[in-house]
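Asker: Before I ask anything, here is the structure I am working with.
The values are calculated or read from the model by the stated rules, or taken from the named source; none is laboratory data. Just so it is clear, the structure is predicted and the values come from calculations on it, not from any experiment. Glycine also receives a Cβ, built like all others from the backbone with ideal geometry; neighbour counts cover every protein chain displayed.
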């Protein structure tokens with residue numbers, strides 16, 4: 001393809017414009033990806049030269065590492081519970097806030113703020129809230145005669161505590177649903193009302209299909225995010241008690257920066273990538289069955 | 001749709017209960033930060049601090065140099081915001097306004113990098129930055145922001161696409177170069193989107209924990225998030241000071257949130273509804 005002089009100039013300018021990203025992509029993404037894939041087949045403590053060990057890391061991970069199995073289990077349970085619960089709660093909140101109520105902006109802020117605060121500071125606050133003796137959560141439950149719960153110190157309750165905490169941060173998803181809800185044309189509801197539809201029928205047959213692309217977005221982002229929990233578990237439990245909150249990325253961090261097993265950690269990272277990819281593809285492939293795009297070709 | 005009185009009552013009740021659940025942790029944090037240590041976990045719960053110890057804040061500041069940590073965080077954050085605005089807008093302009101070979105392929109690659117978990121590239125990046133002698137400096141935290149981020153490039157590109165091409169053509173006829181068009185004609189048009197980018201960059205950098213944790217080692221270089229974590233390690237039983245320190249790290253975020261609420265929400269919404 002031969003370009004005219006002006007088009008050549010434009011192409012050159014184009015490449016100059018995208019050069020910061022292109023450079024960053026090659027040096028900080030593509031290069032590191034290949035390097036990390038190679039490192040995952042080696043034993044490497046970051047100081048000496050990597051020693052090639054073939055599939056040894058992957059073999060150990062899959063057949064001989066109960067911590068990996070535990071980390072995967074914890075993360076999957078967390079993802080498969082916190083994401084659906086969060087989805088229902090944030091959608092319910094958004095529907096409530098979409099009722100033309102007075103003071104909607106204030107409520108919106110109140111629910112949204114937890115989603116933006118520094119994770120480290122929030123982890124501290126939750127650590128105190130979950131304290132078995134004198135923590136405010138047990139104090140409140142005590143009013144309803146609920147016996148004292150060990151929360152983060154009890155292996156059976158530690159992971160549910162994290163799920164509870166994630167529900168508290170549903171405001172982020174709520175904001176997106178709210179925008180989706182406000183984009184639903186009101187004529188549809190008016191027409192349904194004339195036909196005598198009940199509120200539930202309206203929600204089920206108008207609202208849900210109309211915001212299905214927003215649900216899809218939140219679902220994908222939620223799954224990706226829930227697989228990458230790190231700060232809260234690092235600050236609050238370090239994976240304990242009895243590995244009950246050993247989230248995958250926390251385990252990866254420990255392998256890399258505490259035990260300096262970089263090869264092993266890179267193998268863990270690639271497995272994480274593949275798992276996230278599989279989940280995303282499943283959601284993507286199922287989406288043609290339930291996501292409705294109005295008058296536009298699916299991107 | 002005008003909700004009737006009964007629905008309204010139900011909606012308000014649910015919203016109030018939700019608000020209380022949402023606010024209790026803050027309320028607890030704020031009141032505890034003024035309490036005497038023995039009352040933080042008192043039974044029954046002390047709702048209003050008695051006595052009010054405003055000195056918790058000054059003591060927390062004496063125990064750890066939070067002013068220094070704040071200054072470190074401000075420096076890193078300011079440079080990251082600058083970097084993201086300059087690089088992302090330029091790259092987005094390229095993708096939105098100029099024609100060049102492989103443009104669509106490259107854009108698809110850019111979008112697909114959003115799916116890549118940071119952990120895959122974390123260790124090699126660490127190796128690169130430390131062999132460049134940048135371990136324990138702010139450079140590894142700042143430099144990537146000058147190379148753009150996929151999400152914000154996407155956001156700005158969408159925004160550029162809404163501006164009519166006639167703007168560029170008129171500028172070109174008047175003799176403007178591509179870069180003059182970008183800087184003088186288009187940049188002023190996308191100010192609201194730039195505000196969104198600035199706020200997202202602010203939030204991401206201010207709240208970042210893993211980056212500083214990996215790259216910074218000397219106490220004098222700590223960011224607020226890292227400093228707060230170190231504080232917990234040293235004074236894990238002094239909950240009143242911990243809560244004072246937590247409150248301090250949150251205040252700048254709250255200020256920015258209330259000042260730029262519109263752009264905050266806009267940024268999230270653009271991605272979720274139109275993406």
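To keep it simple, each residue is scored yes or no on (1) over 20 Å from the mean Cα position of the chain (by Cα); (2) more than 10 Å from chain A (Cβ to nearest Cβ).
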residue	(1), (2)
B:180	yes, yes
B:184	yes, yes
B:187	yes, yes
B:206	no, no
B:213	no, no
B:228	no, no
B:246	no, no
B:259	no, yes
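Asker: Between A:269, A:179, which is under 15 Å from residue B:122 (Cα atoms) and at the interface with chain B (Cβ under 9 Å from one of its Cβ atoms)? Walk me through it before giving the result.
Answerer: Details: A:179 fails: under 15 Å from residue B:122 (Cα atoms).
Of A:269, A:179, the one residue that is under 15 Å from residue B:122 (Cα atoms) and at the interface with chain B (Cβ under 9 Å from one of its Cβ atoms) is A:269.
Asker: Within the stretch A:50-62, is there a residue that is modelled with pLDDT of 95 or more, more than 9 Å from chain B (Cβ to nearest Cβ) and either closer than 30 Å to residue B:223 by Cα or in a strand (DSSP E or B) (or both)?
Answerer: no
Asker: Please specify each residue of the stretch A:208-225 satisfying the condition of being crowded, with 19+ Cβ neighbours inside 10 Å and more than 12 Å from chain B (Cβ to nearest Cβ).
Answerer: None - no residue of the stretch A:208-225 is crowded, with 19+ Cβ neighbours inside 10 Å and more than 12 Å from chain B (Cβ to nearest Cβ), so the list stays empty.
Asker: Can you pull out every residue in the stretch B:22-58 that is surrounded by 14 or more Cβ atoms within 10 Å (Cβ to Cβ), in a helix (DSSP H, G or I) and at pLDDT 85 or above?
Answerer: As a first pass, look at the stretch B:22-58 and keep what is surrounded by 14 or more Cβ atoms within 10 Å (Cβ to Cβ): B:22-26, B:28-37, B:39-41, B:45-46, B:49, B:53, B:56-57.
So of that shortlist, the ones also in a helix (DSSP H, G or I) come out as B:22-26, B:28-32, B:37, B:39, B:56-57.
Residues satisfying the conditions are B:22, B:23, B:24, B:25, B:26, B:28, B:29, B:30, B:31, B:32, B:56, B:57.
Asker: Among B:49, B:44, B:65, which is away from chain A (no Cβ under 12 Å) and farther than 29 Å from residue B:209 by Cα? Reasoning before the result, please.
Answerer: Details: B:44 fails: away from chain A (no Cβ under 12 Å); B:65 fails: farther than 29 Å from residue B:209 by Cα.
Testing whether each residue is away from chain A (no Cβ under 12 Å) and farther than 29 Å from residue B:209 by Cα leaves just B:49.
Asker: Hey, can you tell me all the residues within the stretch A:89-116 that are within 15 Å of the chain's Cα centre (by Cα) and not in a loop (DSSP other than H, G, I, E, B)? Let's see the steps before the verdict.
Answerer: If we filter the stretch A:89-116 for residues that are within 15 Å of the chain's Cα centre (by Cα), which is where we start, we get A:90, A:115-116.
Those that are within 15 Å of the chain's Cα centre (by Cα) and not in a loop (DSSP other than H, G, I, E, B): A:90, A:115.
Asker: Related question: Yes or no: the stretch A:9-29 includes at least one residue that is at the interface with chain B (Cβ under 9 Å from one of its Cβ atoms) and in contact (Cβ under 8 Å) with a residue 60 or more places away in the chain. Before you say what the answer is, go through the steps one by one.
Answerer: Step one: of the stretch A:9-29, the residues at the interface with chain B (Cβ under 9 Å from one of its Cβ atoms) are A:9-25, A:27-29.
In the following step, the residues that additionally are in contact (Cβ under 8 Å) with a residue 60 or more places away in the chain were identified as none.
No, the conditions are met nowhere in the stretch A:9-29.
Asker: Further question: Kindly list the number of the only condition in (1) in contact (Cβ under 8 Å) with a residue 60 or more places away in the chain; (2) in a helix (DSSP H, G or I); (3) more than 7 Å from chain A (Cβ to nearest Cβ) that fails for residue B:146.
Answerer: Of the numbered conditions (1) in contact (Cβ under 8 Å) with a residue 60 or more places away in the chain; (2) in a helix (DSSP H, G or I); (3) more than 7 Å from chain A (Cβ to nearest Cβ), the odd one out for residue B:146 is (3).
Asker: With the structure loaded, tell me whether residue B:22 is within 12 Å of another protein chain (Cβ to nearest Cβ), in contact with a helix residue (DSSP H, G or I) (Cβ under 6 Å, 6 or more places away or on another chain) and closer than 28 Å to residue B:198 by Cα or whether it fails that test.
Answerer: yes
Asker: Quick check, is residue A:148 outside any helix (DSSP H, G or I) and farther than 30 Å from residue B:257 by Cα? Write out each step before concluding.
Answerer: Values: outside any helix (DSSP H, G or I): yes; farther than 30 Å from residue B:257 by Cα: yes.
Yes; evaluated as a whole, the condition is true for this residue.
Asker: List pairs: first residue in the stretch A:90-101 and facing chain B (nearest Cβ under 7 Å), second residue buried (at least 16 other Cβ atoms within 10 Å of the Cβ) and outside any helix (DSSP H, G or I) anywhere in the structure, Cβ distance under 8 angstrom, at least six positions apart or on different chains.
Answerer: That search, which allows pairs on different chains as well, returns A:93/A:170.
Asker: As an exercise: evaluate residue A:166 against (1) within 9 Å of chain B (Cβ to nearest Cβ); (2) touching a residue at least 40 places away in the same chain (Cβ under 8 Å) and give the number of the one condition it does not meet.
Answerer: (1)
Asker: Please state which one of B:176, B:170 is in the same structural domain as residue B:112 (by TED's automatic domain parsing), more than 25 Å from the chain's Cα centre (by Cα) and either within 16 Å of residue B:83 (Cβ to Cβ) or not in a helix (DSSP H, G or I) (or both). Give the derivation first.
Answerer: On the way: B:170 fails: either within 16 Å of residue B:83 (Cβ to Cβ) or not in a helix (DSSP H, G or I) (or both).
Answer to the check: B:176.
Asker: A further question on this structure: Residues in the stretch A:262-281: is at least one in contact (Cβ under 8 Å) with a residue 60 or more places away in the chain, touching a strand residue (DSSP E or B) at 6+ places or on another chain (Cβ under 7 Å), part of a helix (DSSP H, G or I) and crowded, with 16+ Cβ neighbours inside 10 Å?
Answerer: yes
Asker: Continuing with the same structure: Given the structure, is residue A:61 in contact with a helix residue (DSSP H, G or I) (Cβ under 7 Å, 6 or more places away or on another chain), surrounded by fewer than 17 Cβ atoms within 10 Å (Cβ to Cβ) and under 18 Å from residue A:271 (Cα atoms)?
Answerer: Details: in contact with a helix residue (DSSP H, G or I) (Cβ under 7 Å, 6 or more places away or on another chain): yes; surrounded by fewer than 17 Cβ atoms within 10 Å (Cβ to Cβ): no; under 18 Å from residue A:271 (Cα atoms): yes.
The answer is no for residue A:61.
Asker: Further, regarding this structure: Anything in the stretch B:89-110 that is in a helix (DSSP H, G or I) and within 8 Å of chain A (Cβ to nearest Cβ)? List them, or say none.
Answerer: Narrowing the stretch B:89-110 to residues in a helix (DSSP H, G or I): B:89-97, B:103-110.
Within the stretch B:89-110, B:90, B:91, B:93, B:94, B:95, B:103, B:106, B:109, B:110 qualify.
Asker: Condition first: under 11 Å from residue A:61 (Cβ atoms) and within 23 Å of the chain's Cα centre (by Cα). Now tell me which residues in the stretch A:253-265 satisfy that.
Answerer: A:255, A:265 - these are the residues of the stretch A:253-265 that are under 11 Å from residue A:61 (Cβ atoms) and within 23 Å of the chain's Cα centre (by Cα).
Asker: Also, I was wondering about something else. Would you mention how many residues in the stretch A:1-42 are more than 22 Å from residue B:182 (Cβ to Cβ) and part of a helix (DSSP H, G or I)?
Answerer: Residues of the stretch A:1-42 that are more than 22 Å from residue B:182 (Cβ to Cβ), as a first pass: A:1-2, A:26-42.
Going one step further and asking which of them are part of a helix (DSSP H, G or I), we end up with A:26-39.
Total meeting the criteria: 14.
Asker: Still on this model: Hey, residue B:113 hits all of (1) more than 9 Å from every other protein chain (Cβ to nearest Cβ); (2) surrounded by 15 or more Cβ atoms within 10 Å (Cβ to Cβ); (3) closer than 14 Å to residue A:29 by Cβ but one; which does it fall short on?
Answerer: Evaluating residue B:113 over (1) more than 9 Å from every other protein chain (Cβ to nearest Cβ); (2) surrounded by 15 or more Cβ atoms within 10 Å (Cβ to Cβ); (3) closer than 14 Å to residue A:29 by Cβ leaves (1) as the failure.
Asker: Failed condition for residue A:242, given (1) more than 8 Å from chain B (Cβ to nearest Cβ); (2) surrounded by 16 or more Cβ atoms within 10 Å (Cβ to Cβ); (3) outside any helix (DSSP H, G or I), with all others met?
Answerer: For residue A:242, the failing item is (2).
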